[in-house]
1. Roughly how large, in nm² to one decimal, is the mean projection of the convex hull of the alpha-carbon atoms in region 135-246?
2. What is the percent carbon and sulfur in the accessible area of the chain, measuring with a 1.4 Å probe over the protein chains and ignoring ligands?
3. Whole Å is fine, so just give me how far the alpha carbon centre of region 80-97 lies from that of region 228-307.
4. Just the projected area, averaged over all directions, of the convex hull on the alpha carbon atoms of region 210-301: how many nm²?
5. By how many nm would the segment from residue 470 to residue 423 lengthen if fully extended, with 0.36 nm per residue of separation less the alpha-carbon distance?
6. Could you grab the Rg to Rh ratio for region 305-447? Cα atoms only, Kirkwood for Rh.
7. Summing -39500 (n - 2.57) over the DSSP H runs of n ≥ 4 in the chain and dividing by its residue number, what mean residue ellipticity at 222 nm do you reach, to the nearest 500 deg cm²/dmol?
8. Show me the ranking of peptides 311-317, 364-370 by mean Cβ neighbours inside 10 Å, starting with the highest.
Amino acid sequence: MNILLVTSEAVPFAKTGGLADVCGALPIELARQGHCPTLILPAYRSARYCGLPLEPMDLEFIVPIGSKMVSGRLLRSRLPGTDVPVYLVAQDQYFDRDQLYSVDGKDYADNCERFVFFCRAAMEAVRLLGLDIDVIHANDWQTGLVPAYLRIEYRHVPRYQQIASVFTIHNLAYQGQFWHWDMLLTGLDWKYFNWHQMEFHGKLNLLKTGLVFADAITTVSPRYAEEIQSSPLGCGLEGVLQQRRDVLRGILNGMDANDWNPATDSHLPVRYAPETVWEAKPACKAALQSELGLPADPRAPLIGFVGRLTDQKGLDILVEVLQTWLQAHAAQWVILGTGQPKYHRLLETLAERFPQKLAVRLEFSTPLAHRVEGGADLFVMPSKFEPCGLSQLYSLKYGAVPVVRSTGGLADTITDPDQATEERPANGFAFEEYSAPALSEALRRACDAYRENGDLWRRIVATGMAQDWSWARSARQYAQLYEETCRRVRAESPNGV
Ligand code: ADP
């Protein structure tokens, strides 16, 4: 299959979140499985300095943006270590900036215009490059107009008629909402600005546009695909998603098994495999305790958290639990992250009061994130919602037993001993209710199992380390979806084959 992935982020060119990891890894795996993916993204300043060669092409184009005509150019590159072509849309006024979407916490005022331009450029690139595409795979609000342009403006253009569109939601909380006059920028007829197509409470909503016009919709876990069909996780779009549930599917993200592999991880003081974890983990733990200034106590369970310090990640209940646990329990904690200032303050205060039990690092450090996974006995993720989540997958691989709230991708990947079946053996601890007592109870059960260090604990660690969360299985599911969607679109198209 020939697939054009349209995205506003992909590693190593541009990254603010998980979207970049998916769009950098999925095409590589699709190519490995015999498909022909092509990637297109904006030529941000970060892309120009990412260290990969960007080759200028002799291809200029002009597209209408409202009443203006705006020109752009294409640059060519490849995903590192592969032949997967990457095209970058160069338009310096829009994309040659310090950050991708905002500066000093404020969104750029022309974000709508920038991504209208990018969507139009991606559509034109198909023609300019003479690409023979079966599926256009658009991602998140920045590319929400792509399925609309395909169905409306390019409906009668032969090269585009048989192309199917797939739209992936990476996080429904970000919808790309703009004031209604920005509808003029899109060049689409005002008749589409109605509550069941592009409008949402009087505003232009680009994510909704993608959901309405795409031939198939995916999100990054099966459980999140269910959860977003009702309030509150539907974020107001639950009605649209219910209407489109026949074409909505959850496909779990994979993890990068090269970057996150304890057997080859250069950040760890000692490397290990499932057979050597019982000797290696105590050494990794002792080194981590020493690095963090925590007492070198091999028996105290060491609980790790790495992630954004935000409400979404469950920081309010985590801080509440810390306040009692630091006084009453022997467990040690390491928290690595940045986020909302109120959590920075609360955590710093707690770390000052309990320096023997809590180490807080308010920074973004990939090496330390690896060492936390390597040294921690437990890894906590009490998220309020979690479209997929990656850290729990890393924890499984590193034998740091996850303790998670059962939501979204966490529910799909982590199984509590109380819920275990033959197909889904226990690989962590999970709780349902979003509350501090429920989190505390799950942690208590996990710490008890750790201390007894009996069969149950060893089985949980071994099960997690043996599981396959690689991109190979996710890519197979995407490929199957692309094929089904193409078949359906061709059967439905007036010139269907
Ligand atoms: P989200 O994309 O919602 O932030 P995920 O669990 O999907 O959450 O992915 C978060 C990724 O970012 C993980 O790879 C995690 O290790 C990394 N990460 C988050 N915060 C930090 C930090 N402060 N330092 C290092 N890595 C971090």
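1. On the way: hull surface 26.7 nm².
Result: a mean projected hull area of 6.7 nm².
2. Numbers: 10160 of 20460 Å².
In the chain, the share of accessible area belonging to carbon and sulfur is 50 percent.
3. 30 Å
4. On the way: hull surface 39.4 nm².
Spelled out: convex hull of the Cα atoms, projected over all directions, averaged, 9.8 nm².
5. Values: separation 47, 0.36 × 47 = 16.92 nm, distance 1.82 nm.
15.1 nm is the gain from fully extending residue 470 to residue 423.
6. Numbers: Rg = 14.1 Å, Rh = 15.1 Å.
Looking at region 305-447, the ratio lands at 0.94.
7. Working: 19 runs with 195 residues, N = 497.
Calculated mean residue ellipticity at 222 nm is -11500 deg cm²/dmol.
8. 311-317, 364-370
The values are calculated or read from the model by the stated rules, or taken from the named source; none is laboratory data. Model, not experiment: these values are computed from the prediction. Counting neighbours? That spans all protein chains shown, and the Cβs are built from the backbone with ideal geometry, glycine included. Heavy atoms of the whole protein, side chains included, go into the accessibility calculation; ligands, DNA and RNA do not. Shrake-Rupley method; radii C 1.70, N 1.55, O 1.52, S 1.80 Å.
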